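Below: the structure, in structure tokens.
A short reminder: the numbers here are calculations on the coordinates, not readings from a lab. Source: prediction; values computed, not measured. Methodologically, a virtual Cβ is constructed for each residue, glycine included, from the backbone with ideal geometry; neighbour enumeration extends over all protein chains shown.
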């Protein structure tokens with residue numbers, strides 16, 4: 001058996017739970033990324049960092065080949081002058097370190113002894129030395145150089161403040177670097193045999209200098225308010241600074257020069273190429289297969305059985321004039337949902353039931369309780385907020401950490417009801433070879449504060465479940481959601497940032513999506529409905545979005561026969577909605593009642609419980 005997996009330190013796009021039958025093959029590819037950097041070799045090949053790994057691309061673009069850079073997320077790769085090695089930086093033992101990779105023999109080793117921060121590696125043209133920035137003298141960052149054969153290192157600069165991002169000219173005679181001191185940024189030049197002198201100064205960030213191969217000018221990045229431009233300083237007397245490229249969301253990585261007339265850079269989620277004397281740039285397409293799993297380990301996916309805690313005694317019936325069972329394409333009419341012991345025991349045509357406890361909900365839609373398969377439960381979320389979470393129709397959420405057992409015991413009762421909590425360790429799924437994490441909010445955003453994502457399935461022969469996580473500040477209908485009664489009552493201040501340049505198109509994989517709200521950063525309930533709106537904006541029909549928050553989310557948790565549907569044997573978790581959610585998914589928040597664990601609560605009653613607990617006024 002063989003399992004080949006590209007690193008789990010990946011883009012913030014989606015979270016993908018992967019369950020494969022024996023012998024199956026699945027692939028997931030990326031064709032864009034956030035804050036990626038690119039460098040070009042003497043033979044025209046490119047290397048770039050993406051999703052925590054390094055990738056080599058043919059000169060004209062196309063399929064990118066992964067390069068094994070070890071276990072740590074790699075970034076800022078730089079080809080050696082002879083294109084046989086790659087220097088890069090990666091976080092190791094909590095600090096940035098410089099590494100050297102020989103792709104031919106797949107050998108990686110660290111430069112230096114560790115214990116201090118080394119970053120921004122660049123080659124000397126002789127190929128025997130690396131220049132980089134380091135804080136190894138505890139005097140801020142200085143520019144250092146090391147001889148690769150002997151390991152000897154020496155300091156090149158020692159100014160007040162930080163000296164970073166060094167780069168040698170093609171002839172090895174001149175050095176340029178960035179100096180930051182007292183809130184000012186300066187591009188510094190050290191010419192052979194002459195003292196260091198400033199080329200450009202600014203009160204906003206200057207970064208990523210790079211030499212044109214003929215040594216006539218240096219390109220660098222300059223922040224201008226909320227944007228970044230690629231500027232150049234012509235090495236005349238005096239030096240002349242000019243804007244070279246203003247191309248939207250330029251990433252903070254050096255320009256890579258193929259020759260004096262052609263260059264590469266990264267912006268707006270892709271690799272761009274441009275002739276020096278041209279006015280426009282072109283995209284260099286790439287496709288990086290980040291997951292390629294064949295013949296995975298033999299195992300059975302865990303299927304859980306819920307323990308129904310503190311269920312009410314006796315049979316009761318919820319009479320639904322209009323029922324969405326979680327899976328069907330349309331509503332079922334006039335259905336009696338029979339509940340006993342906290343589970344659904346029968347679905348029958350409505351009829352007279354003398355002596356039975358019948359809750360006749362009138363002209364209301366009954367549907368399964370909503371499930372959030374990847375949620376955040378804030379540390380300051382009081383247990384008494386459980387009733388308010390139910391008013392969102394949220395009956396199950398999966399969280400990591402926290403005192404799940406205690407909250408479940410409290411929230412299963414009629415005195416302080418709340419949603420069911422399911423403990424979920426995604427790492428267990430990784431270790432078992434069933435999952436790969438594509439969303440990672442710890443990865444840096446672009447200079448414009450955006451994270452780009454374009455995850456698509458390149459082989460659809462295998463069932464995949466994608467946890468969504470796509471809601472952000474530009475999600476349609478978000479203002480209305482935050483103004484809803486439920487959101488206004490929840491004792492938390494919701495904050496959400498813009499995470500994507502554009503709304504992903506998820507229509508092609510709609511049947512594989514499960515709802516997970518954690519990447520959006522909103523509290524439970526609000527996050528779930530924000531995600532429903534985001535899925536609608538991403539091309540899902542209302543039914544598909546509801547399935548994502550029902551059967552698909554339940555299946556991702558190993559609870560596909562227990563929750564997320566109205567079916568015999570399932571837990572009696574239902575919501576009563578005053579609207580038509582199969583026509584408009586926004587109606588799903590119009591909750592007038594909840595059946596949780598077999599107990600019926602009106603929304604007004606849940607708010608009263610919260611008021612009694614002094615959660616709301």
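Along Cα→Cβ, 7 Å out, is where each label goes; now give me the distance between the ones at residue 406 and residue 568 in nm to one decimal.
If labels sit at residue 406 and residue 568, their model points lie 4.2 nm apart.
For residue 226 and residue 383 in the same chain, what is the full-extension length gain: residue separation times 0.36 nm, less their Cα-Cα distance, in nm?
Full extension from residue 226 to residue 383 adds 52.4 nm.
How far apart, in nm, are the 7 Å Cα→Cβ label points at residue 611 and residue 158?
Modelled inter-label distance: 7.3 nm.
Give me 72, 181 sorted ascending by neighbouring Cβ count inside 10 Å, so fewest comes first.
Neighbour counts put them in this order, fewest first: 181, 72.
First check a/c for region 517-559, with a ≥ b ≥ c the square roots of the eigenvalues of its C-alpha gyration tensor; if it is under 1.5, answer rounded, and if not, answer prolate when a/b is larger than b/c or oblate otherwise.
Oblate.
Once R0 is set to 60 Å, what does the formula 1/(1 + (r/R0)^6) return for the Cβ-Cβ distance between residue 587 and residue 258, expressed as a FRET efficiency to the nearest 0.05?
0.60
Once each part is reduced to its C-alpha centroid, what is the distance from region 96-143 to region 201-271 in angstrom?
23
Using alpha carbons only, how many angstrom separate the centre of region 476-491 from the centre of region 379-393?
14
Report the gain in length on full extension from residue 216 to residue 113: 0.36 nm times residue separation, minus Cα-Cα distance, nm rounded to one decimal.
33.4 nm
Taking neighbour Cβ counts within 10 Å as the exposure measure, how do 395, 186, 34, 150 sort from fewest upward?
Lowest to highest Cβ neighbour count: 150, 186, 34, 395.
What FRET efficiency comes out for the pair residue 137/residue 201, r = Cβ-Cβ distance, R0 = 22 Å, nearest 0.05?
The pair residue 137/residue 201 has a calculated efficiency of 0.30.
Using r as the Cβ-Cβ distance of residue 578 and residue 287, and R0 as 56 Å, what FRET efficiency do you calculate, to the nearest 0.05?
Efficiency, from the Cβ-Cβ distance: 0.75.
Would you mind ranking 255, 338 by Cβ crowding within 10 Å, fewest neighbours first?
The most exposed by this proxy come first: 338, 255.
Measure off 7 Å from each Cα along the Cα-to-Cβ vector at residue 505 and residue 315, then give the distance between these two points in nanometres to one decimal.
5.2
Want the number for residue 149 to residue 448: 0.36 nm per residue separation, take away the alpha-carbon distance, what's left?
The span from residue 149 to residue 448 would gain 103.6 nm if fully extended.
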